[in-house]
Amino acid sequence: MALIVQKYGGTSVGSPERITEVAKRVLRWREKGDDVVVVVSAMSGETNRLVALINELNPEGLAREKDVILSTGEQVSMGLLALCLQAMGCEARSYTGRQARILTDSAFGKARIREIDASLIKTDLDAGKVVIVAGFQGVDADGNITTLGRGGSDTTAVALAVALEADECQIYTDVDGVYTTDPRVVSDARHIPKLALEEMLEMASQGSKVLQIRAVEFAYKYDMPIRVLSSFDDGDDGKSTLVTREEDIMEEVMVRGVAFNRDEAQLTIKGVPDKPGVAFDILGPISDANIEVDMILQNVGSDGSTDFTFTIHRNDYPDAMRILQETANTLGAADCSGDQRIAKVSIVGGGMRSHAGVASQMFEALAKDGINIRMISTSEIKISVVVDEKYLELAVRTLHEAFGLSAEAA
């Protein structure tokens with residue numbers, strides 16, 4: 001007997017028929033003797049519909065009120081699934097984020113989970129009930145409804161799995177696991193049966209959309225195994241990807257996959273004083289606006305001044321540019337500029353720690369196809385480059401082939 005936390009995405013609960021299929025799947029796990037907690041997203045398209053309503057009435061309105069509205073999509077899904085399970089003779093109880101006692105900070109629209117009091121959920125599980133929790137939401141210390149940002153239901157599921165000390169967190173989506181890259185870009189991308197949490201963390205942070213990065217951060221911090229499955233498979237024994245501890249991975253490969261992100265923007269401030277503290281003077285106001293910075297490049301000053309370049313999510317570009325222009329005036333900078341036509345491509349693999357020449361192989365492959373590199377960032381198991389957006393898919397295919405990641409090469 002195990003305790004399983006399952007998360008179902010928007011397409012998985014996109015219609016009454018799909019919700020019925022989810023209920024049948026949950027019952028199959030219950031028949032095995034397992035306790036099940038289910039986290040659901042809003043029905044497919046519902047969050048976009050709510051965003052459109054907000055934008056039609058008051059797009060500049062308070063983020064607090066927007067979270068009140070956006071949280072309702074998941075509540076519909078959880079209630080419908082609970083009713084469906086009850087109709088099948090299974091005791092089930094639904095919880096909003098607030099009822100599940102998911103306490104967050106007050107960063108509306110981007111809230112982070114601080115703690116979860118899972119005592120009520122445990123009581124219902126002990127009574128033999130299936131517990132269904134609305135994903136993507138919580139409550140702050142003042143009782144305000146908060147949302148966790150796009151993809152936040154993954155985070156809810158993993159955080160609940162940790163709080164409940166579950167045996168596994170299963171993420172059901174419209175794909176049957178993690179691939180070496182997006183099969184829509186590279187048709188012969190290879191399915192990955194198992195990879196390390198650290199590798200998945202890097203892939204998620206570099207643009208892989210299979211799992212939300214904060215969900216993987218939770219799992220990595222607390223060693224919570226995640227299994228990615230397709231909710232469209234008829235049974236529960238189809239293909240899946242287990243994301244687990246590195247010591248549980250038998251095979252260590254040099255490059256596990258190629259991740260990419262189209263949603264990048266680049267900003268540059270030129271001619272700022274080359275002195276201690278200037279990086280903080282530039283990025284401090286950006287951070288205060290809750291804008292996350294990704295890659296950073298500072299040129300070596302030659303005349304007492306330097307140029308400073310960084311990348312952000314494209315949605316934050318207007319606010320970041322406004323702040324940067326104010327900073328430029330304060331610092332007496334020569335100029336500031338931006339570019340929203342860039343993309344980031346990354347190779348990720350735990351084996352990169354023990355293999356030399358990976359970077360040179362990557363750069364050689366890109367150069368042969370005439371792809372210019374604008375910025376470079378590295379970690380122990382990742383190399384990322386910024387390229388012009390028009391070269392994104394070519395770069396992904398080039399690197400996928402260069403490192404032998406296709407299904408045929410397996």
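The values are calculated or read from the model by the stated rules, or taken from the named source; none is laboratory data. Computed from a prediction, not measured in an experiment: that's the story for all the values here. Positions of Cβ are generated from backbone atoms using ideal geometry, with glycine treated the same way; all protein chains shown enter the neighbour counts.
Take the residues in the stretch 21-46 that are free of Cβ contacts under 8 Å to residues at least 60 places away in the same chain and touching a Ser or Thr at 6+ places or on another chain (Cβ under 9 Å), then tell me which one is surrounded by the most Cβ atoms within 10 Å (Cβ to Cβ).
Once the filter is applied, the top-ranked residue is Met43.
For the stretch 67-105, which residues satisfy the criterion of being small (Gly, Ala, Ser), touching a strand residue (DSSP E or B) at 6+ places or on another chain (Cβ under 7 Å) and surrounded by 17 or more Cβ atoms within 10 Å (Cβ to Cβ)?
The answer is Ser71, Ser77, Ala82, Ala92, Ser94, Gly97, Ala100.
Given Ala196, Ala141, Ala204, Ala189, which one is in contact with a Pro (Cβ under 7 Å, 6 or more places away or on another chain) and farther than 26 Å from Leu83 by Cβ?
From the options Ala196, Ala141, Ala204, Ala189, the qualifying one is Ala189.
Which numbered condition in (1) within 25 Å of Lys270 (Cβ to Cβ); (2) of a type outside the set (A, V, I, L, M, F, W, C); (3) at pLDDT below 95 is the only one that Gln340 fails?
(3)
Restricting attention to strands (runs of 3 or more DSSP E) lying wholly within the stretch 211-287, give those where 1 or more residues are more than 16 Å from the chain's Cα centre (by Cα) and closer than 27 Å to Gly109 by Cα. Before you say what the answer is, go through the steps one by one.
Values: elements: 226-230, 240-244, 257-273.
The qualifying strands (runs of 3 or more DSSP E) are 257-273.
Restricting attention to the stretch 70-105, which residues are more than 20 Å from Asp154 (Cβ to Cβ) and either of a type in the set (D, E, K, R) or under 20 Å from the mean Cα position of the chain (by Cα) (or both)?
Correct list: Glu91, Arg93.
Here is a yes/no grid of residues against (1) hydroxyl-bearing (Ser, Thr, Tyr); (2) touching a residue at least 60 places away in the same chain (Cβ under 8 Å); (3) on the phi < 0 side of the Ramachandran plot:
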{"residue": "Ala127", "(1), (2), (3)": "no, no, yes"}
{"residue": "Val133", "(1), (2), (3)": "no, yes, yes"}
{"residue": "Ala141", "(1), (2), (3)": "no, no, yes"}
{"residue": "Thr147", "(1), (2), (3)": "yes, yes, yes"}
{"residue": "Thr156", "(1), (2), (3)": "yes, yes, yes"}
{"residue": "Leu160", "(1), (2), (3)": "no, yes, yes"}
{"residue": "Leu164", "(1), (2), (3)": "no, yes, yes"}
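Looking only at residues in the stretch 197-248 that are without any contact (Cβ under 8 Å) to a residue 60 or more places away in the chain and acidic (Asp, Glu), which one is farthest from Val385 (Cα to Cα)?
The qualifying residue farthest from Val385 (Cα to Cα) is Asp234.
How about the stretch 343-357: which of its residues are among the polar types (S, T, N, Q) and at pLDDT below 90?
Ser354
For the stretch 133-165, how many residues are at pLDDT 95 or above and surrounded by fewer than 24 Cβ atoms within 10 Å (Cβ to Cβ)?
Total meeting the criteria: 11.
Among what's in the stretch 233-256 and is modelled with pLDDT of 85 or more and within 28 Å of Val40 (Cβ to Cβ), pick the residue that is surrounded by the most Cβ atoms within 10 Å (Cβ to Cβ).
Val243
Could you check how many residues of the stretch 121-130 are surrounded by 14 or more Cβ atoms within 10 Å (Cβ to Cβ) and not in a strand (DSSP E or B)?
Of all residues in the stretch 121-130, those surrounded by 14 or more Cβ atoms within 10 Å (Cβ to Cβ) come to 121-122, 124-125, 129-130.
Next cut, not in a strand (DSSP E or B) only: 121-122, 124-125, 129.
The total comes to 5.
Take Ile291 and decide whether it is part of a helix (DSSP H, G or I), β-branched (Val, Ile, Thr) and either within 28 Å of Ile347 (Cβ to Cβ) or under 18 Å from the mean Cα position of the chain (by Cα) (or both).
no
Look at the stretch 288-306 and say how many of its residues are farther than 30 Å from Ala107 by Cβ and exposed (fewer than 13 other Cβ atoms within 10 Å of the Cβ).
4
If we scan the stretch 334-347, do we find a residue that is crowded, with 22+ Cβ neighbours inside 10 Å, under 28 Å from the mean Cα position of the chain (by Cα), in the same structural domain as Asp288 (by TED's automatic domain parsing) and charged (D, E, K, R)?
Scanning the stretch 334-347, I find at least one residue that is crowded, with 22+ Cβ neighbours inside 10 Å, under 28 Å from the mean Cα position of the chain (by Cα), in the same structural domain as Asp288 (by TED's automatic domain parsing) and charged (D, E, K, R), so the answer is yes.
Looking only at the stretch 357-389, how many residues end up being touching a residue at least 40 places away in the same chain (Cβ under 8 Å) and over 24 Å from Ile296 (Cβ atoms)?
1
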